[in-house]
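Worksheet: the structure to be examined is printed underneath.
What follows draws every value from the coordinates through simple rules; no lab data is involved. Computed from a prediction, not measured in an experiment: that's the story for all the values here. Virtual Cβ from ideal backbone geometry, glycine too; neighbours counted across all protein chains shown.
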């Protein structure tokens, strides 16, 4: 199981790897605040997939400096004792680490999906994400492709 925030859902959808979550993890839990942040039709449709489960957080941790959806996602992971959380925001990652959680960035999911033969190419997923406005900085783009043993030029 893994807990996920809104920005991770959006990036993975734009990269065309959102369905891989259901194969990489038994379930993807999202708190109510994340569900409420999924306002665009394409994002609403994604969280209807059977591997997504909306959960209510009993007590939101007093984590200042991060968005409410990220705060609830971290709180949910702590409350349910789920160590892995999908996050991309630096402030949220620091807060998750303070709670002894293991944050995984969306781009790492691309690598996991390729390792498990769920996608043929990380480059095509990154390019799809980039073409939809979720840009990846050039240095990170090349680093991820090297990690995937893919030639950044092809």
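Name the shape class, rounded, prolate or oblate, that the alpha-carbon gyration tensor gives for segment 107-147, where a ≥ b ≥ c are the square roots of its eigenvalues, rounded holds for a/c under 1.5, and otherwise prolate holds if a/b is larger than b/c and oblate otherwise. Here segment 107-147 falls in the oblate category. With all pairs of separate Cα atoms included, segment 11-95 yields a Kirkwood hydrodynamic radius of 13.4 Å.
Per-residue extension of 0.36 nm, minus the Cα-Cα distance of residue 149 and residue 39, leaves a gain of 36.0 nm for this segment.
For the chain, adding -39500 (n - 2.57) for each run of n ≥ 4 DSSP H residues and dividing by the number of residues yields -14500 deg cm²/dmol at 222 nm.
By how many nm would the segment from residue 23 to residue 121 lengthen if fully extended, with 0.36 nm per residue of separation less the alpha-carbon distance? Here the answer is 33.6 nm. Give me the base-10 log of I(q)/I(0) for the chain at each q in 0.09, 0.17, 0.20 Å⁻¹, Debye formula, one uniform scatterer per Cα, rounded to two decimals. Taken in order of the listed q values, log10 I(q)/I(0) reads -0.27, -0.95, -1.26.
Peptides 131-143, 71-83, 91-103, 4-16 ranked from most to least packed, by the mean per-residue count of other Cβ atoms within 10 Å: 4-16, 71-83, 91-103, 131-143.
Protection proxy ranking, highest mean first, for peptides 109-118, 35-44: 109-118, 35-44, where packing is the per-residue count of other beta-carbon atoms within 10 Å, averaged.
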